[in-house]
Amino acid sequence: MKAVRLLPIALSFLLLTGCAWEAAAPAQAEEAHTVELLAMDTIMRITVYGPDGQKAADQAADRILELEDLLSTTDTGSEIYGVNHSGGAPAALSGDTVRLLDQALTLCESTGGALDVTIYPVVRAWGFTTGACQVPGGDELAGLLEQVDYREVALEGSVLTLPRGAEIDLGAVAKGYTGDQVAALLLDAGVTSALLELGGNIQTVGAKPDGTPWRVAVQAPEGGYAGVLEVEDKAVVTSGGYERYFEQDGEIYWHIIDPATGYPAQSGLTSVTIISDRGVEGDGLSTALFVMGAEKAASYWRENGGFDFVLIDEEGGVTITEGIEDSFSLYGEWTDHDLTVLRP
Ligand code: FAD
Ligand code: MG
């Protein structure tokens with residue numbers, strides 16, 4: 001079953017739209033070992049450098065598939081599916097789900113509910129996970145929003161109790177957690193240089209084999225690259241309105257929902273990239289800051305710190321935080337765009 005999800009490499013190179021470049025640059029002194037797979041509805045690529053790299057890359061792929069089986073909202077065999085259909089009864093969770101949910105709830109709290117893991121009834125009504133995309137009626141959304149409130153999630157030890165009718169969706173944080181888990185697995189295996197491309201999530205282990213930083217591109221919303229970041233040992237996670245959307249009657253509706261309204265977040269931003277030590281934080285915050293918009297995102301950064309960001313707004317303006325001033329540069333046609341550097 002799992003082997004089905006491992007992609008033939010030639011095919012996946014054509015399909016991959018990830019943002020890490022130079023990933024497979026042939027000039028590396030150390031041999032690159034690459035595994036590609038289709039997981040969490042995206043194409044993933046793990047590149048590990050050094051001896052025993054293939055074994056470590058294969059273990060990484062197994063770990064990703066294990067987490068996918070646990071965390072999917074749509075797979076009827078997953079733990080999350082079971083919890084979402086528990087009818088309000090307490091459910092015992094595995095260690096991974098407890099750790100991820102716990103970290104996610106902390107982010108829900110710190111972002112004041114801009115990230116809300118109980119958003120699933122609304123996401124499903126829009127059809128983003130089922131493929132039957134549609135604009136739900138206002139009354140339907142209002143009713144569903146009554147079930148959305150992360151503060152109603154009771155996680156005691158490894159036992160989760162959801163109010164009847166509530167359903168959780170870890171889609172905004174699961175790839176980040178997966179990146180953290182895979183990076184830890186590789187470090188345990190003695191790997192010192194690796195690149196994880198998990199859809200819009202990039203996670204780097206160490207530096208490139210030649211000791212220089214990884215160069216990660218920030219995608220421009222309309223395609224191409226807006227900028228380039230140099231990073232080591234970081235997660236670089238992007239959420240954008242251009243990734244998953246549908247069009248109806250001339251309007252575009254995307255998959256990042258404002259939990260306050262039940263509608264796709266219209267905050268004036270088209271893309272948010274978070275640069276952080278932990279993938280789960282980067283993933284949760286990229287979604288939450290997209291919902292918040294530029295002003296609240298800046299306040300959140302000033303109050304909480306510990307990460308950097310690249311915001312792209314609807315006018316094409318780019319705002320970055322001070323910590324990446326020396327490691328970020330606009331790229332190509334984007335060098336003409338306005339660039340603002342935020343200070344604490
Ligand atoms: P992010 O910004 O990181 O997350 C957006 C996603 O989070 C939305 O799609 C929604 O699910 C949820 N969300 C939206 N708004 C909020 C909010 N305010 N707070 C919290 N969460 C929010 N997609 C499929 O179409 N079919 C599948 O079978 C499928 N299986 C998956 C299995 C797993 C284990 C995972 C992790 C994802 C899967 N996906 C699947 C993709 C998933 O539905 C999301 O589209 C994806 O995780 C979005 O990631 P992102 O990086 O594009 O956006
Ligand atoms: Mg996210």
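The values are calculated or read from the model by the stated rules, or taken from the named source; none is laboratory data. What you see is a predicted model, and the numbers here were worked out from it, not measured in a lab. For neighbour counting, all protein chains shown are included, and Cβ atoms are generated from backbone atoms with ideal geometry for every residue, glycine included.
Looking only at region 256-303, how many residues end up being in a helix (DSSP H, G or I) and of a type in the set (Asp, Glu)? Can you show your working first?
The first filter runs over region 256-303 and keeps only residues in a helix (DSSP H, G or I), leaving 279-292, 294-303.
When the remaining residues are screened for being of a type in the set (Asp, Glu), the result is 281, 283, 295, 303.
Number satisfying all stated conditions: 4.
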I want to confirm something. Restricting to region 98-136 and keeping residues that are of a type in the set (Ser, Thr, Tyr) and under 18 Å from the mean Cα position of the chain (by Cα), which single residue is nearest to ligand 1 (Cβ to nearest atom)? Thr129
Number of the exception - Gly227 against (1) within 22 Å of Thr34 (Cβ to Cβ); (2) surrounded by 24 or more Cβ atoms within 10 Å (Cβ to Cβ); (3) more than 13 Å from the chain's Cα centre (by Cα); (4) not aromatic (Phe, Trp, Tyr): (1)
Flagged in region 272-296 as crowded, with 16+ Cβ neighbours inside 10 Å and more than 16 Å from ligand 1 (Cβ to nearest atom), in numbering order, are Ala294
Close pairs (8 angstrom Cβ cut-off, 6 or more residues apart or separate chains): within 12 Å of ligand 1 (Cβ to nearest atom) in region 69-97, in a helix (DSSP H, G or I) and of a type in the set (S, T, N, Q) anywhere: Leu70/Thr97; Leu71/Thr97; Thr73/Asn84; Glu79/Thr97; Ile80/Thr97; Asp96/Gln181
Could you please let me know if Thr130 is part of a helix (DSSP H, G or I), within 16 Å of Ile80 (Cβ to Cβ) and among the β-branched types (Val, Ile, Thr)? no
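Filter region 251-265 for residues that are within 13 Å of ligand 1 (Cβ to nearest atom) and not charged (D, E, K, R) and give the result.
Once the filter is applied, which keeps residues that are within 13 Å of ligand 1 (Cβ to nearest atom) and not charged (D, E, K, R), region 251-265 yields Tyr253, Trp254, His255, Ile256, Ile257, Pro259, Ala260, Thr261, Gly262, Tyr263, Pro264, Ala265.
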Being at pLDDT 95 or above and either surrounded by 19 or more Cβ atoms within 10 Å (Cβ to Cβ) or within 15 Å of ligand 2 (Cβ to nearest atom) (or both) narrows it down to one residue among Ser239, Ser327, Ser299; which is it? Ser239
Please state which of the following conditions Pro221 fails to meet, knowing it meets all the rest: (1) closer than 28 Å to Glu68 by Cα; (2) within 12 Å of ligand 1 (Cβ to nearest atom); (3) not hydrophobic (A, V, I, L, M, F, W, C); (4) not in a strand (DSSP E or B). (2)
